[in-house]
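To start, the structure under review is shown below, and the notes come after it.
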Amino acid sequence: MIFGARVTSGQEHIILEVINNKLKKGFEGIYSVLIFPDIKGYIFIEAYDLATCKKFVQGIPHIKEVIPKEVNINEIINIAKIKAEKMKFSEGDIVEFLSGPFRGERAKIMKIDESKDSLTVELINAPVPVPITTKASTVKLIQKSEEKEEDEE
């Protein structure tokens, strides 16, 4: 059974380390723990039953509550698929900002950092090209780079 636990947003990795240390000391009935970077404020715990899960998280800082309703495995699979299907950008692509101070502006991708899920772009209509680093989720693809299109033909 998989249960969701509400936690302090941004503390998921710290909680994961505490849980890992607690499991090393020996605790029966906990099988796995999942966190998703896109889902702030929640962790998922696979446990034998709800009572075991609640007993295990008792006393762990930043865990607010265990949600008593079991999480369907298909919901977690869908979350993982959405993350895997994220649109891949490539250098030279033209993107448009969806939010922030540059909303509506178009930019060209200069560099991609997949580990941080960020892009370094230069605004197209700016008088002086200044590199801007932004999260990939704040932009949408407008046009693929011409080099990539030629390679595919």
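The values are calculated or read from the model by the stated rules, or taken from the named source; none is laboratory data. Not measured: the values here are computed from a predicted model. Quick reminder, even Gly has a Cβ in these numbers, built from the backbone with ideal geometry, and neighbours come from all protein chains shown.
Across the range 60-83, which residue is nearest to ILE30 (Cα to Cα) among those that are of a type outside the set (Gly, Ala, Ser) and modelled with pLDDT under 85?
Step by step, filter the range 60-83, then rank; the result is ILE76.
Mind checking which residues of the range 24-49 are over 27 Å from LYS116 (Cα atoms) and in contact with a strand residue (DSSP E or B) (Cβ under 6 Å, 6 or more places away or on another chain)?
Selection gives GLY29, ILE30, TYR31, GLU46, ALA47.
Consider LYS54 against the criteria (1) closer than 26 Å to ALA136 by Cβ; (2) out of contact with any helix residue (DSSP H, G or I) (no Cβ under 9 Å at 6 or more places or on another chain); (3) free of Cβ contacts under 8 Å to residues at least 24 places away in the same chain: it satisfies all of them except one. Which criterion is unmet?
Of the numbered conditions (1) closer than 26 Å to ALA136 by Cβ; (2) out of contact with any helix residue (DSSP H, G or I) (no Cβ under 9 Å at 6 or more places or on another chain); (3) free of Cβ contacts under 8 Å to residues at least 24 places away in the same chain, the odd one out for LYS54 is (1).
Taking ASP113 as meeting all but one of (1) surrounded by 13 or more Cβ atoms within 10 Å (Cβ to Cβ); (2) over 13 Å from ILE2 (Cβ atoms), write down the number of the exception.
All conditions pass for ASP113, except number (1).
Cβ-Cβ distance below 9 Å, separation of 6 or more or different chains: which pairs start in the range 124-143 with a residue that is among the hydroxyl-bearing types (Ser, Thr, Tyr) and end on one that is modelled with pLDDT of 90 or more and assigned to a helix (DSSP H, G or I)?
Correct list of pairs: empty, since none qualify.
Only one of PHE36, PHE102, PHE89 is at pLDDT below 95, in the same structural domain as GLU12 (by TED's automatic domain parsing) and closer than 30 Å to THR138 by Cβ; which? Don't jump to the end; show me each part of the working.
Values: PHE102 fails: in the same structural domain as GLU12 (by TED's automatic domain parsing); PHE89 fails: in the same structural domain as GLU12 (by TED's automatic domain parsing).
That would be PHE36, the only listed residue that is at pLDDT below 95, in the same structural domain as GLU12 (by TED's automatic domain parsing) and closer than 30 Å to THR138 by Cβ.
Matching residues to (1) surrounded by fewer than 16 Cβ atoms within 10 Å (Cβ to Cβ); (2) touching a Ser or Thr at 6+ places or on another chain (Cβ under 6 Å); (3) modelled with pLDDT under 85:
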{"residue": "ASP117", "(1), (2), (3)": "yes, no, yes"}
{"residue": "THR120", "(1), (2), (3)": "yes, yes, no"}
{"residue": "LEU123", "(1), (2), (3)": "no, no, no"}
{"residue": "ALA126", "(1), (2), (3)": "yes, no, no"}
{"residue": "PRO129", "(1), (2), (3)": "yes, no, no"}
{"residue": "LYS135", "(1), (2), (3)": "yes, yes, no"}
